[in-house]
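Participant: Provided herewith is a single structure, encoded as structure tokens, for subsequent inquiry.
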Amino acid sequence: MIDVLIEDERWQALDLSALADKASTATLVHLAMDPETWEICVMACDDARIADLNAEFREKPTATNVLSWPSDERAAEQDGDHPAQPQGPDPELGDIAIAYDTCLRESDAANKPMRDHVTHLLVHGVLHLLGYDHIRDKDAALMEGLEVEILGKLGLSNPYCLD
């Protein structure tokens, strides 16, 4: 169950609700989780709003592409281990914010369709909600590998390969 809050109307043209549903479903199914069991909220905003959120929660007063707030701490203790999967009864996995301006700049710079880039960032955000991270080297390799596998199943190219 995906709840999408559109704060910036430019997101309407991409049908962000469909992209969020597709990305989250693919991620959860890949990890053998039932997508119908879990809830995620996505806020579609602009650079100004995400910069405020980044400043408030990460003390980085700049825009970024995506932010995630897991409903619970799920990170693996050992670098490179899979986090423990969430267990009920609370179905909420957390919240994701995504910034239109930054996503557009990044997709243009990479010469990739915005829909593909946004799908990647939504997969990335859902993985963060599930406890995956990229701070430690082995965790980053695990998370990136999962992203590549999930995106491949969606017919999208590896976002980490330089063309």
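The values are calculated or read from the model by the stated rules, or taken from the named source; none is laboratory data. Being a predicted model, the structure only gives us computed values, none of them experimental. Heads up, the Cβs are rebuilt from the backbone with ideal geometry, glycines too, and the neighbour counts pull from every protein chain shown.
Participant: Can you work out which of the residues in the stretch 103-134 that are in contact with an Asp or Glu (Cβ under 9 Å, 6 or more places away or on another chain) and of a type in the set (A, V, I, L, M, F, W, C) is farthest from Gly88 (Cα to Cα)?
Facilitator: Ala110
Participant: Further question: Could you list all residues from the stretch 86-95 that are at pLDDT 90 or above and loosely packed, with under 14 Cβ neighbours inside 10 Å?
Facilitator: Pro91
Participant: Going by the structure shown, is Asp21 surrounded by 14 or more Cβ atoms within 10 Å (Cβ to Cβ), charged (D, E, K, R) and at pLDDT 95 or above?
Facilitator: Criteria met by Asp21.
Participant: Mind counting the residues in the stretch 49-71 that are part of a loop (DSSP other than H, G, I, E, B) and among the small types (Gly, Ala, Ser)?
Facilitator: 2
Here is a yes/no grid of residues against (1) more than 20 Å from Ser24 (Cβ to Cβ); (2) assigned to a loop (DSSP other than H, G, I, E, B); (3) within 11 Å of the chain's Cα centre (by Cα):
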site	(1), (2), (3)
Asp79	yes, yes, no
Leu93	no, no, no
Asp108	yes, no, no
Val123	no, no, yes
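Participant: For the stretch 25-68, how many residues are surrounded by 13 or more Cβ atoms within 10 Å (Cβ to Cβ), touching a Phe, Trp or Tyr at 6+ places or on another chain (Cβ under 8 Å), of a type outside the set (Asp, Glu) and without any contact (Cβ under 8 Å) to a residue 60 or more places away in the chain?
Facilitator: 3
Participant: If I filter the stretch 109-149 down to residues being under 20 Å from Cys41 (Cα atoms) and among the β-branched types (Val, Ile, Thr), which single residue comes out as surrounded by the fewest Cβ atoms within 10 Å (Cβ to Cβ)?
Facilitator: My answer is Thr119.
Participant: Could you list, in sequence order, all residues of the stretch 8-21 that are under 12 Å from the mean Cα position of the chain (by Cα) and in contact (Cβ under 8 Å) with a residue 24 or more places away in the chain?
Facilitator: Once the filter is applied, which keeps residues that are under 12 Å from the mean Cα position of the chain (by Cα) and in contact (Cβ under 8 Å) with a residue 24 or more places away in the chain, the stretch 8-21 yields Leu19, Ala20.
Participant: Still on this structure, please answer the following. Condition first: part of a loop (DSSP other than H, G, I, E, B) and hydrophobic (A, V, I, L, M, F, W, C). Now tell me which residues in the stretch 19-48 satisfy that.
Facilitator: Selection gives Leu31, Ala32, Met33, Trp38.
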